[in-house]
Amino acid sequence: MATQVNLRKMLHPKRWENRTPCPTNSTAGSFVTSDKYDLLNGSKAFYVQSAAVIYMYEGDEDSWIQLPASGLGGTFGAGACGEFRALGAMGGTFNQTVTAGGVASLTTNKTIVRSLAGMRLRVIQGTGLGFDGTVVSNTLGANAVITTSGGSFGADTVFQLFSGSLWMATAGAVGFGVYDRATNAWTARSVVGLPAWGTDGQLVSTIGSAKEFATGQATAGAATTLTNGAKAWGTNMWANYQVRIKTGTGAGQIRTIASNTGTVLTVSAAWAVNPDATSVYAIEGNGDFMYLLGNNAVTLYRYQISTNTWSTLTPTAARAGAMGAGGTASWIDSVTGWDNETLINHNQAGTIFKQNGRYIYSFRGAGVSTLDVYDIAANTWVSGLPYGNQQETFTTGTHCCDLDGNVYIQKENTGRFFKFDVGVNNMTSLSTNVTPQGAVLAGNRMFVLPYTDGGTEINFLYSVVHTSNILNRCLLV
């Protein structure tokens, strides 16, 4: 029988409850990131107390297990940040090229140390393009062989595996790397182009596998285009998103959208198999990109996973003020009622549209209440967006996370929590956690985990107390 939910505000007041404490106290720069969409099942979160002390929390069990030290350089402290991705990153990348293939069989050059049975695997290039199934079994150890639920593959096959990865940036001289769950190993990644980092930072990914913002069936295609003659899209509203062909000709291919007209998507790299009128597509967040911001500067950096490169973005309009201590950053992908295929103004000035997946909302921190919004499609900032109940200021020790079009914020070490509702552009009080807080610390230690049962989803907001190992959670009513 599915879980029945009939919660009511005021009748069912929010109560913060203790969970199993973190194995170690929070420290400056320590952070938590989670699988907030439960893409891997099991409600997992990752607590990074230092570059060498890292734990995974399993919400289903309310328990902790230690993971390998990262081995990353830099200085762990204010500015350290990270992100969880559902895609595995064996060897530091999402895209895995096999060394041999056959019927329902893939041979890798990776040392896989755990069973991958039941995990999703999709082929994005080469022989078997379009396969999207599951792992039946795999060998353990070097040059692991994966048996799949179907398909036929070759030595040119490139696949992605939904096994999970933790990405982390340290501070100081900066280290950057990724932990892969399938291999239980860290891989250092490039930091070329990044400066020394000394104050709060936020690493934000636009997760391609989380949401489909638009779907349809193409009416035509060519080497670098996909056409849907029935559409009337706004010019370049899909720039920097990705398009994935789900079924039909060219199924399995994923490309970054460089630009679009009212009916035509132009992609950044030529298709291996041109789409046609049988191709069913989805437009999603760009799974190849991550954004890094903060460091008491207006500069915005973008990391491309497939090429292992950082670029410094040059927005059309620069951010009007630096993101300082306590600054936040949230990719907005799930506002209820936003029509993702029509450009409808969200503000009177017409600088923000009701389009999921297009914006990073960032409270500036540094003791002010200012909210800035980065437009991913237009590569520009909308600075100083006014909002309802704007007064509370945020600085060192502020925590944030987001879910379903809401940004949740804890104000420093006060125990006071707020909810910013993007859809109505309004800040409201959420709750107060009366657990005594320790000395204020930089770092983002708040996260969301869902409980799912069929079509029922119940979300819990978690918070690690400042200078403490106390973990509390609150049911979001």
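Just so you know, all these numbers are worked out from the coordinates, no wet-lab data involved. Here the structure is a predicted model, which is why all the values come from computation and not from measurement. Note: ideal-geometry Cβ built from the backbone for every residue, glycine included; neighbour counts use all protein chains shown.
Just a few scattered comments:
- Computed from backbone phi, the HN-Hα couplings of the range 151-159 come to x, 9, 10, x, 5, 9, 5, 10, 10 Hz, rounded to whole numbers (Karplus: 6.51 cos²θ - 1.76 cosθ + 1.60, θ = phi - 60°; Gly and Pro given as x).
- The phi-based Karplus calculation (6.51 cos²θ - 1.76 cosθ + 1.60; θ = phi - 60°) puts the 3J(HN,Hα) values of the range 170-181 at 9, 9, x, 6, 6, x, 8, x, 9, 9, 10, 6 Hz, whole numbers, x for Gly and Pro.
- Whole-Hz Karplus values for the range 233-250 come out as 5, x, 4, 6, 5, 9, 4, 6, 7, 10, 10, 10, 7, 8, 9, x, 4, x Hz, taken residue by residue from phi with 6.51 cos²θ - 1.76 cosθ + 1.60 and θ = phi - 60°; glycine and proline positions read x.
- Sparse packing (at most 14 other Cβ atoms within 10 Å of the Cβ) combined with a DSSP loop state is found for the following GluC sites (Glu not before Pro) in the range 17-91: E61.
- Applying both filters, DSSP loop and at most 10 other Cβ atoms within 10 Å, to the trypsin sites (Lys or Arg not before Pro) of the range 1-73 gives R8, K9.
- The range 70-85-the range 332-391 distance, computed between alpha-carbon centres (Å): 28
- Sorted ascending by nearby beta carbons within 10 Å, beginning with the fewest, I65, I112, I54, I344 become I65, I344, I54, I112.
- For A182, distant residues with modelled amide H under 5 Å away: A89
- Nearby lysines by direct alpha-carbon distance to K14 (threshold 19 angstrom, same-chain neighbours under 8 apart not counted): K411, K419
- Altogether, the Stokes-Einstein calculation at 4 °C and 1.567 mPa s, with the Kirkwood radius of the range 214-284 over Cα pairs as Rh, returns a diffusion coefficient of 114 µm²/s.
- Taking 16 Å as the straight-line reach from the Cα of K44, the lysines in range (excluding those fewer than 8 positions away in the same chain) are K36.
- Normalised contact order of the chain, rounded percent, pairs of Cα under 8 Å and 6 or more residues apart: 16
- Here's how it looks for G74: its modeled amide H is under 5 Å from those of A173, V174, which are all 5 or more places away or on a different chain.
- Mean sequence separation of contacting Cα pairs (under 8 Å, at least six apart), scaled by the length of the range 90-161, corresponds to a relative contact order of 43 percent.
- Alpha-carbon radius of gyration plus Dmax, which is the widest Cα pair, for the range 378-450 in Å: 13.3, 44
- Cα-based Rg / Dmax (Å) for the chain: 21.9, 62
- Alpha-carbon centroid distance for the pair the range 273-294 / the range 113-146, whole angstrom: 22
- Close amide-amide hydrogen proximity is noted between G287 and G208, each under 5 Å apart and 5 or more residues distant or on a separate chain (H modeled in the peptide plane; Pro and chain starts excluded).
- Computed on the range 214-284, with alpha-carbon pairs under 8 angstrom and 6+ residues apart, the relative contact order is 44 percent.
- When you work out D = kT/(6 pi eta Rh) for the range 275-376 at 37 °C and 0.692 mPa s, using the Kirkwood radius from C-alpha pairs as Rh and the Stokes-Einstein form, the result is 212 µm²/s.
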